[in-house]
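Note sheet for the following structure.
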Amino acid sequence: MRFGKAGRVVTAVAALGVSALALSACTGDIAANEDVDCTEYEEYGTFDGAEVTIGGTILDLEADRLVESWSDFAQCTGINIEYQGSSEFEAQIAVLAEGGNAPDIGIVPQPGLLARLAEGGWLIPASAEVEANVDEWWSEDWKQYGTYDGTFYAAPLMASIKGYVWYSPTQFEENGWEIPQTLDELTALTEEIAATGQKPWCVGLESGDATGWPATDWIEDWVLRLHGPEVYDQWVTHEIPFNDPRIVEAFDAVGAYIKNEDYVNGGIGDVSTLVTEAFQTAGLPILDGECSLHHQASFYETFWNAEGGDEVVVASDGDVFGFLTPPATAGDPLSVTGGGEFPVAFRDAEEVETVRAFLSSDTWANNRVSLGGVISANKGVDPENASSELLVQSIEILQDPETTFRFDGSDLMPGAVGADSFWRGVVAWVTGQSTQETVDAIESSWPAS
């Protein structure tokens, strides 16, 4: 999910009613900067008393950084931007839109949800300024993720690379473990670690209403690596059924890791704890040497220091680092899955499109990347602005024209599947349901049209 699945930083919060999501409060209050240089914001003009509300799934530290990323722009243009994050945003935004209570801008983490909102007739097409920025700074693939039925609705915002395997460089060095170069070598490493008596993997699938999405990331990575981008695309668009034998093979390959009592759940418990352990905290046992491997996206960097205490250094010679899930065969082209977000508009107003134009610019992308913890596929981003060696690498991967990139599959699928039956299905699968029963049930949920 992804930079976006159920929000990247979803904390346990009280359930919110629809009216409570009307987005009236600003998250991450940033003081005005008296020394701000407004020169680079002159092209956006000035507004007297204009206000733009933004909603999304981004919470906590990431929300603070998001607000900081546009604070100078807001000060220079006079647009008061109010952001409200909610873990219920994805579940409630269509209801809000239908009732006329949506924020001016919604940061949507799923192209499938964007399509649903566009189909409902609630979205405002992107302005010429936004589209010009996307044409300049983004690839055609990324533009298509913000397009529905031939109409361009939203530019990409942030991005993530899925399929990193986080580990402790010190633990690897002390044990003489090597970074695996193929899926077979990853299996061999897992077996080697398990032979020491330690559970090699730590996994958490809990994410509120979106519990299960981290397991879909595993499956998407294995589909892409085992069967290539063409089969991946056919699966996502339902040109082949969800219960195709090749998808079954990917499920079973992942199940060999995460359904195996000998391999999970290091530092946490048995297999049953996969669905109760929050995805935000699941990798932390690596810091205590209680597990060795954690499959999660580039955005997981934010969580290593979320608990406070001594700073965790993310580097190849630091406390934690990550390697990409390897290919099936040595020498295969670099293929990665990833996610992103799209600021859609629900109100047709100049100030709203001005904010969206800024968010689609290389200036905003560099601002946000420089604040740490995230990446962008914007071609104008300087990778050296990223906050760690791993995120620098991630941006370079996204900017490399030789990289085979595929958007998170469940985010592209219809919401009834990608944000419902697929998530629920993998939870049932992890807790004992057979692979065939699982994929058959998900296939039967696919909308007829």
If we keep only residues of region 360-385 that are of a type outside the set (Val, Ile, Thr), out of contact with any Ser or Thr (no Cβ under 9 Å at 6 or more places or on another chain) and surrounded by 21 or more Cβ atoms within 10 Å (Cβ to Cβ), then the residue farthest from Glu51 (Cα to Cα) is Ser376
I'm trying to understand the selection: among the residues of region 346-359, which are closer than 25 Å to Arg116 by Cβ and open to solvent by less than 40 Å² (accessible area, probe 1.4 Å)? Phe346, Ala349, Val352, Glu353, Val355, Arg356, Ala357, Leu359
Mind counting the residues in region 144-159 that are small (Gly, Ala, Ser), in a loop (DSSP other than H, G, I, E, B) and either at pLDDT below 95 or open to solvent by less than 20 Å² (accessible area, probe 1.4 Å) (or both)? 3
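Give region 101-114 a look and list any residue that's hydrophobic (A, V, I, L, M, F, W, C) and outside any strand (DSSP E or B), or say none.
Start the filter on region 101-114 by keeping residues that are hydrophobic (A, V, I, L, M, F, W, C), which leaves 102, 105, 107-108, 113-114.
Across region 101-114, the qualifying residues are Ala102, Leu113, Leu114.
Given the criteria open to solvent by less than 30 Å² (accessible area, probe 1.4 Å) and under 23 Å from Phe89 (Cα atoms), does Val312 qualify? Break it down into steps so the answer makes sense when it comes.
Values: open to solvent by less than 30 Å² (accessible area, probe 1.4 Å): yes; under 23 Å from Phe89 (Cα atoms): no.
When the stated conditions are applied, Val312 does not pass them.
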Tell me yes or no: at least one residue of region 93-100 is under 20 Å from Leu359 (Cβ atoms), of a type in the set (Val, Ile, Thr), outside any strand (DSSP E or B) and open to solvent by less than 50 Å² (accessible area, probe 1.4 Å). yes
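A quick yes/no check of all residues on (1) out of contact with any Leu (no Cβ under 6 Å at 6 or more places or on another chain); (2) assigned to a strand (DSSP E or B); (3) within 29 Å of Thr151 (Cβ to Cβ):
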residue: Glu34; (1), (2), (3): yes, no, no
residue: Gly49; (1), (2), (3): yes, no, no
residue: Thr53; (1), (2), (3): no, yes, yes
residue: Asp64; (1), (2), (3): yes, no, no
residue: Ala91; (1), (2), (3): yes, no, yes
residue: Arg116; (1), (2), (3): yes, no, yes
residue: Trp122; (1), (2), (3): yes, no, yes
Matching residues, region 128-143, being in contact with a strand residue (DSSP E or B) (Cβ under 9 Å, 6 or more places away or on another chain) and surrounded by fewer than 20 Cβ atoms within 10 Å (Cβ to Cβ): Glu131, Ser139, Asp141, Lys143
Screening Val275, Val236, Val203 for residues that are touching a helix residue (DSSP H, G or I) at 6+ places or on another chain (Cβ under 6 Å), open to solvent by 20 Å² or more (accessible area, probe 1.4 Å) and aliphatic (A, V, I, L, M) leaves only Val275
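For Pro333, state whether it is touching a residue at least 40 places away in the same chain (Cβ under 8 Å), surrounded by fewer than 24 Cβ atoms within 10 Å (Cβ to Cβ) and more than 22 Å from Tyr167 (Cβ to Cβ). Write out each step before concluding.
Values: touching a residue at least 40 places away in the same chain (Cβ under 8 Å): yes; surrounded by fewer than 24 Cβ atoms within 10 Å (Cβ to Cβ): yes; more than 22 Å from Tyr167 (Cβ to Cβ): yes.
Criteria met by Pro333.
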Does Trp222 satisfy the criteria of being in contact (Cβ under 8 Å) with a residue 12 or more places away in the chain, crowded, with 18+ Cβ neighbours inside 10 Å, of a type in the set (Phe, Trp, Tyr) and within 30 Å of Ser387 (Cβ to Cβ)? yes
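In this structure, does Lys162 turn out to be open to solvent by 10 Å² or more (accessible area, probe 1.4 Å), charged (D, E, K, R) and out of contact with any Pro (no Cβ under 7 Å at 6 or more places or on another chain)?
Details: open to solvent by 10 Å² or more (accessible area, probe 1.4 Å): no; charged (D, E, K, R): yes; out of contact with any Pro (no Cβ under 7 Å at 6 or more places or on another chain): yes.
Spelling it out, it is not the case that Lys162 is open to solvent by 10 Å² or more (accessible area, probe 1.4 Å), charged (D, E, K, R) and out of contact with any Pro (no Cβ under 7 Å at 6 or more places or on another chain).
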Residue list for region 176-189, filter: within 24 Å of Ala315 (Cβ to Cβ) and either surrounded by 14 or more Cβ atoms within 10 Å (Cβ to Cβ) or in contact (Cβ under 8 Å) with a residue 24 or more places away in the chain (or both): Trp177, Ile179, Pro180, Gln181, Glu185, Leu186, Leu189
Tell me which of these Glu301 doesn't satisfy, since it passes every other one: (1) out of contact with any Asp or Glu (no Cβ under 9 Å at 6 or more places or on another chain); (2) crowded, with 23+ Cβ neighbours inside 10 Å; (3) modelled with pLDDT of 95 or more. (3)
If we keep only residues of region 392-444 that are open to solvent by less than 30 Å² (accessible area, probe 1.4 Å), among the aliphatic types (A, V, I, L, M) and touching a Leu at 6+ places or on another chain (Cβ under 8 Å), then the residue nearest to Ser272 (Cα to Cα) is Val430
Return only the number of the condition from (1) open to solvent by 10 Å² or more (accessible area, probe 1.4 Å); (2) in a loop (DSSP other than H, G, I, E, B) that Val248 does not satisfy. (2)
List every residue pair whose Cβ atoms lie under 8 Å apart, where the two residues are 6 or more positions apart in sequence or sit on different chains, the first residue falls within region 230-259 and is without any contact (Cβ under 8 Å) to a residue 60 or more places away in the chain and closer than 22 Å to Gly204 by Cα, and the second residue, located anywhere, is of a type outside the set (Asp, Glu) and surrounded by fewer than 20 Cβ atoms within 10 Å (Cβ to Cβ). Ala250/Leu226; Ala250/His227
Contacts under 8 angstrom Cβ, first residue in region 76-103 being closer than 27 Å to Glu40 by Cα and free of Cβ contacts under 8 Å to residues at least 24 places away in the same chain, partner aliphatic (A, V, I, L, M) and surrounded by 23 or more Cβ atoms within 10 Å (Cβ to Cβ), 6 or more apart: none
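The values are calculated or read from the model by the stated rules, or taken from the named source; none is laboratory data. These numbers were taken from a predicted model, which means no experiment stands behind them. We place every Cβ from the backbone using ideal geometry, glycine too, and count neighbours over all the protein chains shown. When the accessible area is computed, the model is the full protein with side chains, heavy atoms only, and any ligands, DNA or RNA have been set aside. Shrake-Rupley method; radii C 1.70, N 1.55, O 1.52, S 1.80 Å.
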